[in-house]
Every structure is written in structure tokens, then in C-alpha cells.
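Enquirer: Before we start, here is the structure in question, set down as C-alpha cells.
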Amino acid sequence: MAYYRDLDRCTYFAPECDDALVAVGWLGTWARLSSGSVDPQFFERLESLANRPWRPFLYLGGQECGLCQHRGPFFTANLFIPYGGRTFAAPEGITHYISAHWYQPPDEFVLAVHRLSRDAQCRVRSSPRGERRSTACTSLRPTLGR
Ligand SMILES: [Zn+2]
């Protein structure tokens, strides 16, 4: 799994998105977790965002949770959460990391999730060959990095 420290620049997606995406929840198997409890309303809101049915294209790959001891869940999507002139990029597994592994996201991300309207949230999936798709990034672009 790709690993980024929380709030570092996320370069996982198309190059035109790299400058504006802020990584949250890209935990490697050896990552030192920021751990603790999270606000139940935040978690419910994040889970709701992660469960949105919008699927702009099919995905045939993904990543298994590297923190579970055996057979962790398999994740294929990513969440994009714009807030305050930047966009947080998080793997869909972030809800699992929180509930199963006590991962505690940065306060800025928690605030962004609380304030996000459902219409502004985007979800991107990679192509079957692992190519990075920029469809959603293009649609987010006017709001990025400003
Ligand atoms: Zn796990």
C-alpha cells in the first residue's frame, strides 16, 4: 500500500492533482499510528461519505488492510474531501482504520468532514491496469490549491 504521513502532499493520483491533494489515512504496515477515540458523529459522517454509491468507473484492483493480523478487508476506492482551499485524499479504508485499529485522523480532516456537503464529495477509482484516473481530479481542479 502507498504510504504518506498525514497532511503530506499526496502524489498517488494524476500529476495535475499532486500539488493540491493532502494525504490522510495512507497508513503503511509499519506506520506509527496516531491513535485514540474519534467523535461518533464524525465517524458516522465519514462512513456515510465512504458508502456513497456513486461509482464513475469499474475497478479490478485494490489493497488489503496491512494492519489486520490476518485477512484484512480489501479496499478499492478513495475519498476526496475539499475544505479550506485544499482537498484531502484518503483511502476508503480509513473508516476501517478508525474502527478496527483506533486510527485518529488529524483535526483538520475531522473538521473538513463535519463541514462537507454531500454534493461536494468525490470518489475516484483507479483503472483495471492501475493507471491513475484524473476524471474526478479534473472536476475538483477549480477548487484545488486556492
Ligand atoms: Zn485492518
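A short reminder: the numbers here are calculations on the coordinates, not readings from a lab. Note that the structure is a prediction, hence the values are computed from the model and not measured. A quick note on method: Cβ atoms are made from the backbone with ideal geometry, for glycine too, and the neighbour counts reach across all protein chains shown.
Enquirer: Taking the beta-carbon count within 10 Å as an exposure proxy, list Trp26, Trp102 from fewest neighbours to most.
Expert: Fewest to most other Cβ atoms nearby, the residues stand as Trp102, Trp26.
Enquirer: Going highest first, how would you order 84-93, 36-45 by mean Cβ packing within 10 Å?
Expert: 84-93, 36-45
Enquirer: Then there's this: Sort Phe13, Phe74, Phe109 by Cβ crowding within 10 Å, fewest neighbours at the top.
Expert: Least to most surrounded, the residues fall as Phe74, Phe13, Phe109.
Enquirer: Sticking with this one: Can you give me the long-range amide H partners of Phe75? Hydrogens built in the peptide plane at 1.01 Å from N, cutoff under 5 Å, separation of 5 or more residues or another chain.
Expert: When sequence neighbours closer than 5 places are left aside, the close amide H contacts are Gln63, Glu64, Cys65.
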